[in-house]
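Read through the structure below, which is laid out as structure tokens, and then see the notes.
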Amino acid sequence: MACRDLPVLFGPSAVHQGDLTVLWAEWRGKKPEDELRGKVVWVTGASSGIGEELAYQLSKIGALLAISARREDELERVKNKCLQISSLSEKDILVLRLDLTDRSSHEAATNSVLKHFGKIDVLINNGGRSQRSLFVDTNLDVYSAIIELNYLGTISLTKHVLNHMIQRKKGKIVTVSSVMGIMGAPLATGYCASKHALQGFFNSLRTELTDYPEISIINICPGPVQSNIIQNVFTENLSKSIESAGDQSHKMPTTRCVRLTLVSVANDLKEAWISDNPYLAVCYLWQYAPTWAWWLMNRMGKKRIENFKSGVDADVSYSRKKK
Ligand SMILES: NC(=O)c1ccc[n+]([C@@H]2O[C@H](COP(=O)([O-])OP(=O)(O)OC[C@H]3O[C@@H](n4cnc5c(N)ncnc54)[C@H](O)[C@@H]3O)[C@@H](O)[C@H]2O)c1
């Protein structure tokens, strides 16, 4: 690497987006266009946010898509847009209704994708919901629902798809975890627990698959990203929605998060941190100097709770584009 290249890695725009391995992969690594064209990719939670954008970018690359979520009409909308922006044809995109919490349906859903395409090259476990409520205020049913959806729903689908990948001895299981799978933060105790559970699960599963070097387990850890995640959060009661999601424009654009996700998939990165600062820096601290991270998070966390209680987005104080 020449000295003139250093600003690419350490310049202000780069450090705000992903860990050094992700940025290196984007700069020097394999291109999603080369690695994913013609591959069968199944994306869960494809009806909005990160999953919807994954469908768009993958369709432009020429990947064959199975797109899943609970609302079929929204999936049809996403499919139609994919067909408009790509050279894919009708049969290249399978709309498959799927409720991650309905675990008894996951085997049949997997068989439907296999029947349509004959194989699954990549599963992207993206569907999930976050949380905005303090533990002291929150009903335990909410914790059960978060674990059922984010953790058990994800590993249930993985189990069926992995059986197929083991038969083929190849495939990629990608899970959209979160920086909250690495650190802890207030207002999200259940969400953090579910993402930590996913990290622990997939890091352990990888060690059980050493006889299958062509099966990759890839954990994606985004920081705050523009999507519908806040309007869909769990609150203190299962029946209660959040009053206002607040402005989300200070967060990382969905397009950028998804591009770096696909770079991570193309390069088989085991774990990718994709975030603006300060959350990216907190990930490094949490990993290498946890005592400092705990000290810092206590201070940031207080502001997060204040923001939430005043009706603005919890993370609004830390963005470069303060609102
Ligand atoms: N946006 C962020 O700031 C952020 C940060 C880190 C991680 N993530 C993760 O990214 C993933 C996608 O979230 P997003 O930000 O795009 O939010 P989003 O709310 O826009 O999208 C979530 C998707 O999951 C689907 N989903 C929810 N419950 C489901 C169920 N029971 N069965 C099937 N699908 C279901 C929704 O229909 C939707 O398609 C989630 O796993 C989330 O935890 C998001």
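The values are calculated or read from the model by the stated rules, or taken from the named source; none is laboratory data. Keep in mind that what you see is a predicted model, and the values were worked out from it rather than measured. Reconstructed Cβ throughout: ideal geometry from the backbone, glycine too, with neighbour counts over all protein chains shown. All accessible areas refer to the heavy atoms of the entire protein, side chains included, with ligands and DNA or RNA removed. Shrake-Rupley method; radii C 1.70, N 1.55, O 1.52, S 1.80 Å.
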Simple Cβ-charge dipole of segment 17-318, Lys/Arg +1 and Asp/Glu -1, about Cα centre, in debye nearest 20: 420
Solvent-accessible heavy-atom area per residue, rounded to whole Å², over segment 17-318 at 1.4 Å: 43
Cα centroid separation - segment 64-123 against segment 190-223, whole Å: 23
Net charge, Leu75 excluded, C-beta distance under 15 Å - Lys, Arg +1, Asp, Glu -1: -3
Whole-Å distance, taken between Cα centres, linking segment 226-253 and segment 288-303: 24
Where labels lie 7 Å past Cα in the beta-carbon direction, separation of Asn228 and Lys170 in nm: 3.6
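Using only Cα atoms, figure out Rg for the chain and give it as a multiple of 2.2 N^0.38 Å.
Rounded to two decimals, the normalised Rg is 0.97.
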At R0 = 25 Å, FRET efficiency that the Cβ-Cβ distance of Thr291 and Ser204 yields, to 0.05: 0.45
Packing-based ranking, highest mean first, of 187-197, 227-237 given that Cβ atoms within 10 Å are counted: 187-197, 227-237
Rg/Rg_ref, segment 193-250, where Rg_ref = 2.2 N^0.38 Å and atoms are Cα: 1.64
Carbon plus sulfur fraction of accessible area for segment 105-242, probe 1.4 Å, in percent: 50
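Find the eigenvalues of the gyration tensor of the Cα atoms of segment 88-146, then list the square roots of 5 times those eigenvalues as equivalent ellipsoid semi-axes, largest first, in whole angstrom.
For segment 88-146, the semi-axes come out at 34, 13, 9 Å.
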Around Glu35: net Lys/Arg minus Asp/Glu count, Cβ-Cβ under 12 Å: +1
Where Rh is the Kirkwood radius over Cα pairs, Rg/Rh for segment 138-278: 0.99
Sum of side-chain charges, Asn298 neighbourhood, beta-carbon under 15 Å (Lys, Arg +1; Asp, Glu -1): +3
Order of exposure, largest accessible area first, which applies to Tyr288, Tyr212 with probe 1.4 Å: Tyr288, Tyr212
